[in-house]
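First comes the structure, then the notes that go with it.
The values are calculated or read from the model by the stated rules, or taken from the named source; none is laboratory data. Please read these numbers as outputs of a predicted model, since none were measured by experiment. Here the Cβ is made from the backbone with ideal geometry for all residues, glycine too, and neighbour counts use every protein chain on show. Just so you know, the surface numbers come from the protein's heavy atoms only, side chains and all, with ligands and any DNA or RNA stripped out. Shrake-Rupley method; radii C 1.70, N 1.55, O 1.52, S 1.80 Å.
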Amino acid sequence: MKAKLGIAPIAWWNDDLAELSDDVSLEECLRQASVAGFTGMETGRRFPMNMGELGPNLARYGISVCGGWFSGLLLDGDIEREKDRVRAQMDFFIAAKAPCIVYGETARSIQGVRSAPLATKPKLSEDEIKAYGRKMTPFAEWCAGVGMPISYHHHMAAAIETEPELDLLMANSGEALPLLFDAGHMAFAGGDVLRVIDKHHKRISHVHTKTSAAASSTSWIGRGRASWTLSSRGPLQCPATARSTSPPSSDGWPPMAMRAGSWSRPSRIRRSIHRSKWPRKVIWS
């Protein structure tokens, strides 16, 4: 089984601070990603959101769309309005044959508010999270039904950030709402990465790894972001250490290791992922 590596353009430029890295073009981003061995790329602010314009650039470098962020507002909004908001991106992603749209809740979020301490992030009551889960479920069902599933991204500075918040959302939403698990965000929010995976592996459809995030005995070391999407559900095994290269464990599940050397530009990225007896197809990794 071969895993296909995907990455996000935030390794080349910043989507929140437009003044950063304006000297790096879309073509250079795709070229370096291709040289580094990536075959998937999330969308970013320099990506034309139509395949007529974007498709030839992707084809030139052998890269496909492996996901992309959508700034959701369903926490305070209406489901029908949210359908209208996501429709254009959904049509583009269907045309691009992307595996999913990354849904990030931005209602009440302090993301992008540079003067706001993380402690001032929105904090929902238990009843509010339960009601939110009941809204997210039919929206996720609709997205999947029209051909483009979403993957829910728990995120720093957002309403669903911490392990208890995520646990409550998962408990009060249906399986139609898949989870994007972000090891870095969860670790920085004080969560136990392995414990969260153990609890919610059946709902995880997409994974992000981040820079030097550590929880329990697991470390994820790298710059930028690598991501993968799973096409079916099942237990997810994580490494004991980021540099582990040990053989599969006695129960047949493989350790997964991400190893990163030092580099100054994305084209020098070195990652290795060790898997054996992986019981599902990996679309993006």
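Condition check for SER219 on (1) part of a loop (DSSP other than H, G, I, E, B); (2) at pLDDT below 95: one failure, at (1).
Within segment 133-151, the residues that satisfy the criterion of being more than 16 Å from the chain's Cα centre (by Cα) and open to solvent by 10 Å² or more (accessible area, probe 1.4 Å) are ARG134, LYS135, THR137, PRO138, GLU141, TRP142, ALA144, GLY145, VAL146, GLY147. Has segment 69-91 got any residue that is more than 21 Å from the chain's Cα centre (by Cα), part of a helix (DSSP H, G or I) and small (Gly, Ala, Ser)? Within segment 69-91, not a single residue is more than 21 Å from the chain's Cα centre (by Cα), part of a helix (DSSP H, G or I) and small (Gly, Ala, Ser). Scanning segment 9-29 for residues that are outside any helix (DSSP H, G or I), among the hydrophobic types (A, V, I, L, M, F, W, C) and touching a helix residue (DSSP H, G or I) at 6+ places or on another chain (Cβ under 9 Å) yields a total of 3.
Restricting LEU124, LEU58, LEU118, LEU75 to those that are free of Cβ contacts under 8 Å to residues at least 40 places away in the same chain and open to solvent by less than 60 Å² (accessible area, probe 1.4 Å) reduces the list to LEU58. With respect to GLY190, determine if the residue is more than 22 Å from TRP69 (Cβ to Cβ), touching a residue at least 24 places away in the same chain (Cβ under 8 Å) and not polar (S, T, N, Q). It is true that GLY190 is more than 22 Å from TRP69 (Cβ to Cβ), touching a residue at least 24 places away in the same chain (Cβ under 8 Å) and not polar (S, T, N, Q).
Looking across segment 122-170, the residues that are over 15 Å from LEU73 (Cα atoms) and touching a Gly at 6+ places or on another chain (Cβ under 7 Å) come down to THR162, GLU163, LEU169. Among the residues of segment 152-172, those identified as crowded, with 22+ Cβ neighbours inside 10 Å and of a type in the set (Gly, Ala, Ser) are ALA158, ALA159.
Only one entry of PHE38, PHE70 meets the criterion of being at pLDDT below 95 and of a type in the set (Phe, Trp, Tyr), and that entry is PHE38.
Of all the residues in segment 178-192, those that are open to solvent by less than 10 Å² (accessible area, probe 1.4 Å) and farther than 16 Å from LEU168 by Cα number 3.
Please verify whether SER151 is farther than 30 Å from PRO56 by Cα and not charged (D, E, K, R), treating the condition exactly as stated. Considered against the rule, which asks whether it is farther than 30 Å from PRO56 by Cα and not charged (D, E, K, R), SER151 comes out as no.
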